[in-house]
Amino acid sequence: MSETILKTPKTFDEQVEILKTHGVIIHDDEQCKSFLSKVNYYRLSGYFLPFFRDNAVISFDIIRNVYNFDQEMRNLIFKSIEKIEIFIRTQIAYFFSHEYDAEGYLQRENFNEQFAFDKFEKRFRSCIRENRKSPVIKHHKKKYHSHFPLWTVIDYFSLGMLSYFYTGMKKPDKQYLAENMYHIDHKTLSGWMKSLADLRNRCAHYARLYYWSFPSVPAVRRRDKEIHLNHKLFSQLYMLKELYPVPDQWNREFFLPLYDLIDKYKTSIRLKDIGFPDNWISILNQES
């Protein structure tokens with residue numbers, strides 16, 4: 001079998017010419033080169049996909065606007081995830097600590113039988129090592145001989161680890177938290193937390209959201225059974241709305257900024273590329 005030869009690196013001038021051969025309209029070569037010098041060509045190429053798929057005539061200005069829209073969308077989403085994360089961590093730590101004591105999370109019998117406790121404990125010890133220079137960790141090592149109450153260390157769990165922790169809890173415990181936090185069943189909350197972890201990771205690594213297919217589709221509430229979600233971004237935003245810890249603040253802190261963001265880039269973005277239905281406003285508006 002012959003070895004595939006890697007492509008050679010291209011100069012910014014060459015990258016501009018490649019774009020032109022793909023039918024991209026470039027009004028100002030220097031502005032295009034300046035943008036490419038700040039945003040890797042390969043990274044940017046993903047934003048061309050929906051337009052190339054539809055054989056649409058596209059200008060570089062539109063792609064640049066779509067890229068900027070994606071960047072601002074990530075920033076908006078990340079702020080919301082932060083509030084959701086803090087709320088869920090607080091609720092889990094409070095419940096579990098009162099139910100099983102400060103270090104009850106280190107006892108196998110406090111989880112369901114399917115939970116890979118050894119794997120969790122290994123991840124926890126790794127988490128402590130990675131954060132060993134933290135004042136909180138250093139304090140508890142010195143004063144409490146490396147005993148860490150759950151409420152002091154849960155903030156060091158990644159969101160993926162937090163989701164794993166919740167999934168491993170006993171069914172009655174999971175159901176209690178799901179009902180008291182969001183009035184849903186524990187399976188729905190487990191799925192939402194897994195999706196939230198994936199969404200957070202993409203935002204944290206500046207990954208593309210526009211025209212991206214997420215690995216899982218969040219479940220809808222029973223009252224929303226007429227809403228059909230898919231693997232695109234809109235479904236993730238529905239989930240954020242349902243997980244938002246202070247519903248009264250959703251419109252001011254997310255929905256209205258989202259509306260303004262879409263209006264700002266409306267001549268460049270295509271809502272179908274991010275899975276928005278025609279009635280997206282009524283779905284995401286908390287007052288609807």
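Can you list the equivalent-ellipsoid semi-axes of the stretch 103-234, largest first and in whole Å, using the square root of 5 times each Cα gyration tensor eigenvalue?
Output for the stretch 103-234: semi-axes of 31, 20, 12 Å.
Counting only pairs 8 or more places apart or on different chains, how many lysine pairs in the stretch 4-101 have C-alpha atoms closer than 28 Å?
9
For HIS231 and LYS143, what does the FRET efficiency come to when R0 = 41 Å and r is the distance between their Cβ atoms, rounded to the nearest 0.05?
Efficiency for this residue pair is about 0.30.
Amide H of SER59 versus every other amide H placed in the peptide plane: which residues, excluding those fewer than 5 positions away on the same chain, fall under 5 Å?
ILE25
Give me the percent relative contact order of the chain, please, defined on Cα pairs under 8 angstrom at least 6 residues apart.
20 percent
Regarding the stretch 195-288, what are the three Cα extents along the principal axes, ordered largest first, in Å?
30, 29, 25
Which values, in whole Å and largest first, are the semi-axes of the equivalent ellipsoid of the stretch 75-145 obtained as the square root of 5 times each eigenvalue of the Cα gyration tensor?
For the stretch 75-145, the ellipsoid semi-axes come out as 23, 20, 14 Å.
Rounded to the nearest 500, what is the 222 nm mean residue ellipticity of the chain from helices alone, with -39500 (n - 2.57) per DSSP H run of 4+ residues and division by all residues?
-17500 deg cm²/dmol
So how far, in whole Å, is the C-alpha centre of the stretch 1-49 from the one of the stretch 79-139?
Computed from Cα coordinates, the inter-centre distance equals 45 Å.
Of the heavy-atom accessible surface of the stretch 193-272 (probe 1.4 angstrom), what whole percent is carbon and sulfur?
So the carbon and sulfur contribution to the accessible surface is 51 percent.
So which lysines can LYS138 reach, going by Cα to Cα under 21 Å and dropping same-chain residues fewer than 8 places off?
Correct list for LYS138: LYS122.
In the calculated pair distance distribution of the stretch 1-135, what percentage of Cα-Cα distances lie above 19 Å?
70 percent
Expressed as a whole number of Å, what is the distance separating the alpha-carbon centroids of the stretch 209-288 and the stretch 144-163?
Using only Cα atoms to place each centre, the spacing works out to 31 Å.
If you count only protein heavy atoms with a 1.4 Å probe, what accessible area per residue comes out for the chain, rounded to a whole Å²?
Result: 56 Å² of accessible area for each residue.
Using only the Cα atoms of the chain, what are the Rg and Dmax in Å?
Rg then Dmax for the chain, in Å: 22.9, 66.
The values are calculated or read from the model by the stated rules, or taken from the named source; none is laboratory data. All of these numbers come straight from a predicted model, not from anything done at the bench. No Cβ is skipped: glycine too gets one built from the backbone with ideal geometry, and neighbour counts run over all protein chains shown. Surface areas here come from the heavy atoms of the whole protein model, side chains and all, with no ligands, DNA or RNA. Shrake-Rupley method; radii C 1.70, N 1.55, O 1.52, S 1.80 Å.
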